[in-house]
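A quick write-up on the structure given underneath.
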Amino acid sequence: MTDFVKTEDMAEALPTTDGPPKDQEAYDRAREKGWSAPEPSNYPAENGTEAQSNEVPFVEEAWMHSAQKYEWSEEFGDVGPKITELEAQLFNPDLKPVKGNLFEKQVSSLNLTSIKVIAEAVERPAPIRDFDNAGLHPVIVENIKLSGYDTPTPIQAYTIPAIGKGYDVIGTAQTGSGKTAAYLIPALSKLMGKVKKLAAPRPNLANGFNPDTDMVRAEPLILVVAPTRELCCQIFDESRRLCYRSMLRPCVAYGGGPKREQMDELRKGCDILVATPGRLIDFMSNHPNLLSLNRLRFTIIDEADEMLHDDWEKEMSKIMAGGDTNEDGNHRYMLFSATFNKRMRKLAKKYLSGDHIRIRIGRAGSTHINVQQNVIWVENNEKQKALYDLLISMPPSRTLVFVRSKKTADFVDDYLFNLGLPSTSIHSDRTQREREDAIRAFKSGRAPIMVTTGVSARGLDIRNVMHVINFDLPSIDYDAKMSRTARIGNVGLATSFYNDKDEGMADYLVKILLETGQPIPDFFAERVPEDKKVDFEDDSGAEDDDEGAQDGGGDSW
């Protein structure tokens, strides 16, 4: 937690030094409504000063890059033995995705307009119907089942066979549609069984590791680049599960974490590297003896539209060109995102092969039909009270509260915390230690309310987020924020606070509500078109980039 913000409105809700907040009535009310008691986090100061006696001591937890992974021994055969303790950690039932009742219904009811496959390839691979008959390596199939995945999502159904047949791929689908597994599963499957031939020499870690004699240069076979630290950690976590009992060793590198520790992990050998652009460029440019991309088989850019900006063109070119140094030229590119804008089309033209496959699920950037969306009028000076009333009026559930600024995130977090609600917050000014701790607290339910800026809008996948609240309406990424809930067939709730200052979003919100069949608030009545038809600008690039392409029109699968 940050220092408590003292304002006149919060004067009676300030914490005391010897117990719960002074607003005992609010504190007790939160307990009566079923919310757990808030637990303050105390982080040691840089000068090593100790926590005050009324604060919960900070408990040192491992950084994500130090998370335990399956370490291969030269004594193993083609498939490594099970490690019960690690398997229980990696495939914890509490962290498995739970399919909602609508998942199978949506999968079976897909029609010709819901899936669009644009194939520049001569032959468009047929979609898979299940994982067992998808031609995947047996270890991958077993890890898929341990992870709790039963049926491929639409993006997985088309992407897995496309990558399996060796095509470059562009995947465009709404957030929460399973894009991470869509590229990891086929890429890892193609490498399993070939690791001894393809991978770089590395030490036998089963015999221990002596950095003076055993360290090697990391030469990954798969490179995954993602825009945020949280998304990189999440992809790395998924890699740990899917690489279980295989020779493939995943690593992650991201800014904010101890650089030396991440370098030490790479020096033990790395087959799958998940990295943020900044830390990756640092390692590539300044530590040539640490990292080489000469063995790359797959370069994957996740949430590509978030990184393709003018000031990053030089860096992205260097990252994408890394695969061109592949010793035998056998290298594939993949771009995944929720949208497919002009910058992505430019990147695809430059690096992807002419016979690449582009898969688009639904409208690019669309929000999810399973999210019940409520837009309510709340004046700015009433937002805090409205947020508290909304939370206290509903059964306790894992809730994301999106705000526009870092200052607001801190203030709202403190406001809720002081009124006895178990909240935490995350934004870009937090240290990486604080960010990872906040995510852990949110995932575990220790702090089921997380106040966040847009840093959590893309890619963050946390089980059972039931409610998303837009305390401040975003000017961008509204759809991505909505998709933090109602994942893989579950239903969710989204509430947005709206007033005169958000007028620029009004027409867009009306389109979203009409598209998903949601009630239209009275204050939007004059903005509803007479025919109630929705007309979104298509950012797919079909008009200028798809001439001559084979339009799948949407295979029904």
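For the range 401-482, please list each of the helices (runs of 4 or more DSSP H) lying entirely inside it that holds at least 1 residues being at pLDDT below 80. Full working, then the answer.
On the way: elements: 406-418, 432-444, 478-482.
It comes to 478-482.
Determine whether the range 150-163 contains at least one residue that is more than 20 Å from ARG240 (Cβ to Cβ) and among the charged types (D, E, K, R).
yes
For residues in the range 162-204 being part of a loop (DSSP other than H, G, I, E, B), of a type in the set (A, V, I, L, M) and touching a Gly at 6+ places or on another chain (Cβ under 9 Å), which is modelled with the lowest pLDDT? Talk me through it step by step, then tell me what you get.
Here is the first cut: in the range 162-204, the residues part of a loop (DSSP other than H, G, I, E, B) are 165-168, 173-178, 192-194, 199-204.
This time we only want the ones that are of a type in the set (A, V, I, L, M), so: 173, 192, 199-200.
So of that shortlist, the ones also touching a Gly at 6+ places or on another chain (Cβ under 9 Å) come out as 173, 199-200.
On the way: ALA173: 79, ALA199: 92, ALA200: 92.
Among residues in the range 162-204 that are part of a loop (DSSP other than H, G, I, E, B), of a type in the set (A, V, I, L, M) and touching a Gly at 6+ places or on another chain (Cβ under 9 Å), the one modelled with the lowest pLDDT is ALA173.
Looking at the range 201-219, is at least one residue within 22 Å of the chain's Cα centre (by Cα) and without any contact (Cβ under 8 Å) to a residue 60 or more places away in the chain? Don't jump to the end; show me each part of the working.
Pass one, the range 201-219, residues within 22 Å of the chain's Cα centre (by Cα): none.
Among the residues of the range 201-219, not one is within 22 Å of the chain's Cα centre (by Cα) and without any contact (Cβ under 8 Å) to a residue 60 or more places away in the chain, which makes the answer no.
Do we have THR408 as touching a Pro at 6+ places or on another chain (Cβ under 7 Å) and under 30 Å from GLU503 (Cβ atoms) here? Before the answer, list the steps.
Values: touching a Pro at 6+ places or on another chain (Cβ under 7 Å): no; under 30 Å from GLU503 (Cβ atoms): yes.
Criteria not met by THR408.
With LEU352, LEU347 as the choices, which residue is crowded, with 20+ Cβ neighbours inside 10 Å and modelled with pLDDT of 85 or more? Before you say what the answer is, go through the steps one by one.
Working: LEU347 fails: modelled with pLDDT of 85 or more.
Going through LEU352, LEU347 in turn, just one is crowded, with 20+ Cβ neighbours inside 10 Å and modelled with pLDDT of 85 or more: LEU352.
Out of all the residues in the range 371-387, which are surrounded by fewer than 18 Cβ atoms within 10 Å (Cβ to Cβ), touching a residue at least 12 places away in the same chain (Cβ under 8 Å) and not charged (D, E, K, R)?
GLN372, ASN374, ILE376, TRP377, ASN380, ALA386, listed by residue number.
Given the criterion of a type outside the set (Asp, Glu), buried (at least 17 other Cβ atoms within 10 Å of the Cβ), at pLDDT 50 or above and more than 27 Å from LYS342 (Cβ to Cβ), identify the matching residue among PHE523, PHE497. Explain how you work it out, then say what you get.
Details: PHE523 fails: buried (at least 17 other Cβ atoms within 10 Å of the Cβ).
The match here is PHE497.
If PRO97 satisfies every condition in (1) farther than 30 Å from GLY166 by Cα; (2) at pLDDT below 60 but one, which is the exception?
All conditions pass for PRO97, except number (1).
Inspect the range 230-238 for any residue being in a loop (DSSP other than H, G, I, E, B) and closer than 25 Å to ASN143 by Cβ and give the result as yes or no.
First pass over the range 230-238, keeping only residues in a loop (DSSP other than H, G, I, E, B): none.
Looking for residues that are in a loop (DSSP other than H, G, I, E, B) and closer than 25 Å to ASN143 by Cβ, one finds none in the range 230-238, hence no.
Are any of the residues in the range 205-221 hydrophobic (A, V, I, L, M, F, W, C), under 23 Å from ALA304 (Cβ atoms) and out of contact with any Gly (no Cβ under 6 Å at 6 or more places or on another chain)? First the steps, then the outcome.
From the range 205-221, those hydrophobic (A, V, I, L, M, F, W, C) are 205-206, 209, 215-216, 218, 221; that's our starting set.
From what's left, under 23 Å from ALA304 (Cβ atoms): 221.
Filter again for out of contact with any Gly (no Cβ under 6 Å at 6 or more places or on another chain), leaving 221.
Within the range 205-221 (the criterion being hydrophobic (A, V, I, L, M, F, W, C), under 23 Å from ALA304 (Cβ atoms) and out of contact with any Gly (no Cβ under 6 Å at 6 or more places or on another chain)), the answer is yes, since at least one residue qualifies.
Given the conditions (1) in contact (Cβ under 8 Å) with a residue 60 or more places away in the chain; (2) over 24 Å from GLY80 (Cβ atoms); (3) in contact with a Leu (Cβ under 8 Å, 6 or more places away or on another chain), report the number of the one that GLN262 does not fulfil.
If we test GLN262 against (1) in contact (Cβ under 8 Å) with a residue 60 or more places away in the chain; (2) over 24 Å from GLY80 (Cβ atoms); (3) in contact with a Leu (Cβ under 8 Å, 6 or more places away or on another chain), just (3) comes out false.
The values are calculated or read from the model by the stated rules, or taken from the named source; none is laboratory data. Note that this is a predicted model, so its numbers are computed, not measured. Using ideal geometry, Cβ is built from the backbone for each residue, glycine included, and neighbour counts are taken over all protein chains shown.
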